[in-house]
Amino acid sequence: MKILRSLSRIIVGLVFIFSGVVKAIDPLGSAYKFHDYFEAFNLGVLNNLSLPLGVLLCTIEFIAGFSVLTGFRQKNGILASLLLMLIFTPLTLVLALTNPVSDCGCFGDAVHLSNWQTFWKNIILLGAVIILFANRKNVKQNFKTSTEWMAVGAAAALLILFAIFNLKYLPVIDFLPYKTEVKIADKMVIPEGAPADVYETSFIYEKDGIKKEFTLSNYPANDTSWKFVDQKSVLLRKGYKPPIHDFSITGPEGDDLTQKVLEKEGYTVLMISKKLREAGRGKLSEGFELGRFCMSNGIDFLILTASGSDEGRSYDSTLTFCSVDETTLKTMIRANPGYILLKDGTIIGKWSAANCPDKEWFGNLPR
């Protein structure tokens, strides 16, 4: 039993610490996931709480794991872990059954699990937490109460500061497909022989007021007494999906600029703002100034937004505003606005508005 308790302690501690840290690396990603949940369950009124809840959740998870693993306030950590599992285990079962959101986001973008994989992971984790909770009376306190609370408080403060840093300056580890040194076009290729999606198609026919469902092998192709009503396809097995599969840029006149950007020789600066009105005029003005400087120095500068080209031109008619899907923009960079520097279609730099180099730096890029 002692070995089982120790193993449970290590598993619970490490899983919760890992989950908290990867969420703190990408707090905006956690906020997007909360937003997805709220929309899926018709709770859009709570969208403004997405970011605070994302930071709160990663802090609670990290502290619960920290306490369980290190022994500082271990009983409190075990209780917090149990409460989290009692909340999220039934929630992930609902997600697995209804699938309103394809990825629960429990490990951010570092590790992607299906909803069923997440549920069974939670069942195992819940079992380990129950073992710890059942044996909580055997937990010994090795330090003064004040010392333990100070250690827990310091750990929480460090994690929150870490999350704020990543929020301001972009994640210290980029788990997204648009990483520095990635040639975008290469990540859009489907390898030869890669498995495709497998669907099961069924056909609904009607005869004498009775509807019946058929498959491709037995539908009444030559029986005119049956009248076709509808058909439906069910995805049985997902095929290969390239890391970048939704990159598409539409120019201000409705023209497709995707290939032009990917094949452009030399430098291109992409200013990315998923929603212009959410970026703040000060940050936008700085970006527009950079854009005018780049264009006057022979560097292509495009503003990618989901707000639409017309709204963009209302801010500055001298710059090129392009339309891109909002989800794609969120995946490209965790900032609003953010900046990506391409050279020959390869990402060589990514910045938020807080750490974007000044315009003179762009002017001194080697040609």
(1) of a type in the set (D, E, K, R); (2) part of a helix (DSSP H, G or I); (3) free of Cβ contacts under 8 Å to residues at least 40 places away in the same chain: which one isn't true of K212, the others all being true? (2)
For the range 309-367, how many residues meet the condition of being assigned to a loop (DSSP other than H, G, I, E, B), buried (at least 17 other Cβ atoms within 10 Å of the Cβ) and aliphatic (A, V, I, L, M)? 6
Under the condition of being in contact (Cβ under 8 Å) with a residue 24 or more places away in the chain and acidic (D, E), which residue from the range 171-187 is nearest to M332 (Cα to Cα)? D174
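Residue-wise test of (1) under 22 Å from S8 (Cα atoms); (2) of a type in the set (A, V, I, L, M).
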| site | (1), (2) |
| --- | --- |
| L79 | yes, yes |
| L83 | yes, yes |
| H112 | no, no |
| N115 | no, no |
| F119 | yes, no |
| V139 | yes, yes |
Mind checking which residues of the range 294-312 are farther than 21 Å from K260 by Cα and at pLDDT below 80? D310
Condition check: of a type in the set (D, E, K, R) and either over 22 Å from P52 (Cβ atoms) or without any contact (Cβ under 8 Å) to a residue 24 or more places away in the chain (or both). Does K168 satisfy that? no
Residue that is farthest from I25 (Cα to Cα) [pool: residues in the range 47-58 that are in contact (Cβ under 8 Å) with a residue 12 or more places away in the chain and not hydroxyl-bearing (S, T, Y)]: N47
Would it be correct to say that T346 is polar (S, T, N, Q), over 25 Å from D36 (Cα atoms) and touching a Lys or Arg at 6+ places or on another chain (Cβ under 8 Å)? yes
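The values are calculated or read from the model by the stated rules, or taken from the named source; none is laboratory data. Given the structure is predicted, the values throughout are model-derived calculations rather than measurements. Cβ: placed from backbone, ideal geometry, glycine included. Neighbour counts: every protein chain shown.
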